[in-house]
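Reading through the structure tokens given below for one structure.
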Amino acid sequence: MKKYAIIVAGGVGTRMESATPKQFLLLHDKPVLYYTIRTFLEAYDDLKIILVLPEDYTDMGREIIDAYFDYNRIQITAGGETRFHSVKNGLRLLDEDGIVFVHDGVRCLLTTELIHRCYEKALENGSAIPVVPVKDSVRLLSGESNEAIERNRVVLVQTPQTFHSRILLPAFEIDYKERFTDEASVVESFGLKIELVGGEENNIKITRPIDLVAAESLLSMAQSLHND
């Protein structure tokens, strides 16, 4: 089965308080995007990467590929106004049916095991959305009131959100809605059920300076365990 990874890195990262978009910030002397790309390339030898970048930063993306990878398995395209439009731009580059991973470029600590788990689930059920349990107490806000929710009924959603292309392509032909915060919400609006799969605690999304510090620590720990 053909495999595609649409790595979405189309944002400019205003919450990071940096002039450089967060996907290009250095993590152990390499760009954040380097680790994301490397993990997907290592997961499957026949996987093709579609890298979606801000239009003004496509040259920086090419510099990363020139420095660390090659273009045999990587294509670059410009992002759109929203995540929905960025993913839609990436989907235009699919050349045949297959399993499609859609991943946040700044979730750079995912493992090949998670990618394999999502692939197998999507191959069997058509979709695979990685989630992790909530550890904190949770309350639902409704106007001026609020109520406690059993946290075992709540999960945090991660990426790569993984689908068969025959599900994802037609789903992204519907009109954009503001409630489309991820691919799962688009597919559900199209009338299809999604399947959940176990995510990873370390699969954090780098959005603020403290997240970069946490990622540096987690990466150091992972490298230390690998060297041992």
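Every number in this text was worked out from the coordinates using simple rules, so none of it is lab data. The model shown is predicted, which means the values in this text are computed figures rather than measured ones. A quick note on method: Cβ atoms are made from the backbone with ideal geometry, for glycine too, and the neighbour counts reach across all protein chains shown.
Figures for the structure shown
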| item | result |
| --- | --- |
| GNM top mover of 104, 182, 95 - the chain, alpha-carbon springs below 10 Å | 95 |
| Extension gain, residue 195 back to residue 46 (0.36 nm per residue minus Cα-Cα distance, nm) | 51.2 nm |
| Cα gyration tensor category, rounded, prolate or oblate, for the stretch 30-74 with a/c compared to 1.5 | prolate |
| DSSP beta bridges in the stretch 84-228 [antiparallel fraction, %, rounded to 5] | 80 |
| Projected area averaged over orientations for the stretch 99-228, convex hull of C-alpha atoms, nm² | 10.3 |
| Net charge, residue 3 excluded, C-beta distance under 9 Å - Lys, Arg +1, Asp, Glu -1 | +1 |
| Label point distance in nm, residue 149-residue 178, each placed 7 Å from Cα along Cα→Cβ | 2.0 |
| MRE, 222 nm, helices only [DSSP H, n ≥ 4, -39500 (n - 2.57), over the chain, to nearest 500] | -10500 deg cm²/dmol |
| Point-to-point label distance, residue 20-residue 120, nm (Cα→Cβ direction, 7 Å offset) | 3.8 |
| Computed over the chain: relative contact order in percent, which uses C-alpha pairs under 8 Å that are six or more apart | 23 |
| Residue 213-residue 188 pseudo-label distance in nm [points 7 Å out on the Cα-to-Cβ vector] | 3.4 |
| Positive-end extreme of charge dipole, the chain - chosen from 6, 196, 114 (charges on Cβ) | 196 |
| Calculated P(r) of the stretch 95-168 - Cα pairs past 14 Å, % | 67 |
| By average C-beta atoms within 10 angstrom, highest first, the peptides 29-35, 144-150 | 29-35, 144-150 |
| Net charge of neighbours whose Cβ lies under 15 Å from the Cβ of residue 182, counting Lys and Arg as +1 and Asp and Glu as -1 | +1 |
| Total charge dipole magnitude, the chain, about the Cα centre, Cβ charges on Lys, Arg, Asp, Glu only, Debye to nearest 20 | 280 |
| Karplus-derived HN-Hα couplings along the stretch 180-194 (A = 6.51, B = -1.76, C = 1.60, θ = phi - 60°), whole Hz, x at Gly and Pro | 6, 8, 7, 5, 4, 5, 5, 5, 5, 5, 6, x, 10, 7, 10 |
| Histogram of C-alpha separations across the stretch 1-121, 5 Å bin width, % | 2, 11, 23, 26, 21, 11, 4, 1, 0 |
| Which of 51, 65, 41, positive extreme of dipole for the stretch 41-82 (C-beta unit charges) | 41 |
| Efficiency of FRET from Cβ geometry, residue 141 and residue 78, R₀ 35 Å, rounded to 0.05 | 0.45 |
| Shape category assigned to the stretch 127-200 from the gyration tensor of Cα positions, a/c cut at 1.5 | oblate |
| Globularity ratio of the stretch 165-216, using Cα Rg and 2.2 N^0.38 Å | 1.53 |
| 3J(HN,Hα) from dihedral phi, the stretch 120-133, Karplus parametrisation 6.51/-1.76/1.60, rounded to Hz, x for glycine, proline | 4, 5, 5, 5, 7, 10, x, 8, 7, 10, x, 9, 10, x |
| Positive minus negative residues near residue 38 (Lys, Arg vs Asp, Glu; Cβ under 12 Å) | +1 |
